[in-house]
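Notes follow the structure.
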Amino acid sequence: MPYEVTATRKRPQDFESLIGQEFVVSTLENAIKENRIAHAYLFSGPRGVGKTSSARLLAKALNCINGPSAHPCGVCESCVNIKAGSSVDVIEIDGASNNGVDAVRAIKEEVLFPPQSSRYKIYIIDEVHMLSISAFNALLKTIEEPPEYVIFIFATTELQKVPQTIRSRCQQFHFQLISQENIVKCLKSASEDLNIEADENALYWIAKEAAGSMRDSYTLFDQVAAFSEGHITLEKIREKLGLASSDAISSILRYCYLGQSSDAILALGDLFMQGSNESQIIKEFTSYIRTLLFYKEGVRRREILGFDESDLAKDLLDLYTKDMLETILKAFLDLYREIKTSLSPRFELELLISRLCSIRYLSTPTSIVEKLDEIAKAVSSGKFEIEKKTVTVPLSIGVKIEEKKEPVKTEIKQQEAEKKTEIKELNPVKNEEIKTRSIDEKTLLKDMSAEFKKSNLNLEARFIDSNVKSFTLDNSMLTLVMDSQMAVDKILSKRGQIEAIASRITGSSIRLQVELYSPEKKTYSKEIEYLRTIFKNTEPYEIKEEAIRREQPVRNDEAIGPDREDDEIDEG
């Protein structure tokens, strides 16, 4: 007996064996029982889910010698011929190869003749969306008012390409994808028929790859059975088809989390050496990470996960957060789209793996808000502690600030929490121990000016030499009073370095305060005050009282004042 592929051998021969299309089956059976037969049907849905098989079952049910019956006998001449595809009254047409208007005109001429030996003349047009616009237009009138013995059954995988005028004249049935559980049951039955032992996880992998298509699952099953030598296992499938194992994927993800980029790249190279290609590796990573994400969210249904729980590395669930898994999954999905136009898909994949080695430092808005919320709760409960660590301040003169490591609680008073900072000199050439010594203000300014020049602070040194009006050194506070705003701003811009230089010179922690010099309010004689009222208190130049008195002498008995009339002033 010649070999018959599983998809053909397991094709449904009655409505009861049509898997996963309960709505279609119940509707057609009831229509046949009540003799509500339409003149045109439109079956749409994904590939390999039973559209053409349903069309043949409907033809058998209508033309069975015991029919019309929802349960055709399958042994009469009409049923046997329809099964074999040799019935003269059931015409199957491929819409992809007969898409012209001439083929439709031939159909219009044939429908004028009644069926030869059957009850109905049935036309099954597969991939009807491939017909041209002219062919559809030529078919409109025929399918709207055909002879009572003619029935049209259209099948298509792309319903949107069928004109609305055709769809409105047909009863439409949309076929659904078949679940993994149903596909696995059918694969178990097929393996038993062939006396082949099959592991359940291998059958689940086949069902997952078929993506809801029964025909695709049977085709892949035949391919796997050919090299499995009577026992189908997932290990054999991965070895022969060059697939990435779950252990290899989990190892790479573990290396990425630990930041071991070299080990991750080497493990990826091993997958390429085993025969895996970039697209297949990306698909395996995407599927595995998706499963980890769903499992972390509490999903346990195997048909949704796509993996057996034993294949998952549970330690990865503790290492990776939900945000991390979502980020990695999106990165692989984006990569799959990008490699189609990439110079080197392998380089793109290696680059992504290298970038994932810093995934543990990922910060998302959600994680930041959650962390802030935790800190706020800890502070409000009084349990929040901060550990001070040694901090190196990169000053130009090289100063290292060390703080004692001790926990500071929020409820401690502020004056107790403030610690004095130890300041040490960090000289790139030599380190000398700083000794505390007493120093007066003048010596301090002189030494500071000299240190400024050594530290390339020449402008600040000039300000110290010429613009300081007064200065005081009170304990740890050095107060400088400058005579210009520019000098104040310049000194303040270098406050950190100046404080460090002063601290190094004095041997103690010095804080700097800079103020602008404010001259005391000038006092004038009555005559000057009177003149200032005339000029509206403006001083365009300095008015010297002595010069005015020399230019305009005033008699002792005639004092100039605001109460004197203008004509009383001596004009001479």
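Read-outs throughout are calculated quantities, based only on the coordinates presented, and are distinct from any laboratory measurement. Note that the coordinates shown come from a computational prediction; the quantities given were computed from them, not determined experimentally. Methodologically, a virtual Cβ is constructed for each residue, glycine included, from the backbone with ideal geometry; neighbour enumeration extends over all protein chains shown.
Details
- Rounded to the nearest whole Hz, the Karplus-based 3J(HN,Hα) values (6.51 cos²θ - 1.76 cosθ + 1.60, θ = phi - 60°) of region 126-141 follow the sequence 8, 6, 5, 5, 7, 5, 6, 4, 5, 5, 4, 5, 5, 8, 4, 5, with x at glycine and proline.
- Packing-based order for 147-153, 445-451, 312-318, using average beta carbon neighbours within 10 Å, highest first: 147-153, 445-451, 312-318
- Karplus 3J(HN,Hα) series, Hz, for region 289-301 with 6.51 cos²θ - 1.76 cosθ + 1.60 (x for Gly, Pro): 5, 4, 5, 4, 5, 5, 5, 5, 7, x, 7, 10, 6
- Dipole of region 92-140, positive end: most advanced residue of I125, G100, P115 [Cβ charges, Cα centre]: P115
- Per residue, the convex hull around the alpha carbon atoms of region 21-113 comes to 124 Å³.
- In loop segments of region 1-85 as defined by DSSP, the chymotrypsin sites (Phe, Trp or Tyr not before Pro) with at most 14 further C-beta atoms inside 10 Å of their C-beta are Y3.
- Dipole magnitude of region 114-203 about its Cα centre (Cβ charges: Lys, Arg +1; Asp, Glu -1), debye to nearest 20: 640
- Trypsin sites (Lys or Arg not before Pro) restricted to DSSP loop in region 1-49 with at most 16 other C-beta within 10 Å: R36, R47
- Interchain or long-range residues, amide H under 5 Å from A40's placed H: F152, Q171
- Cα gyration tensor of region 465-523 - equivalent ellipsoid semi-axes, whole Å, descending: 23, 13, 8
- Amide proton proximity set for K469, modelled H, under 5 Å, gap of 5+: V481, M482, D483
- For region 77-192, the mean projected area of the C-alpha convex hull, equal to one quarter of the hull surface, is 9.2 nm².
- Across all Cα atoms of region 257-360, the radius of gyration (one decimal) and Dmax (whole number) stand at 13.9, 40 Å.
- The trypsin sites (Lys or Arg not before Pro) of region 49-152 include none that DSSP puts in a loop with a beta carbon having at most 11 other beta carbons within 10 Å.
- Rounded to the nearest 20 debye, the dipole magnitude of region 73-113 is 60 debye, with +1 charges on Lys and Arg beta carbons, -1 on Asp and Glu beta carbons, and the Cα centre as origin.
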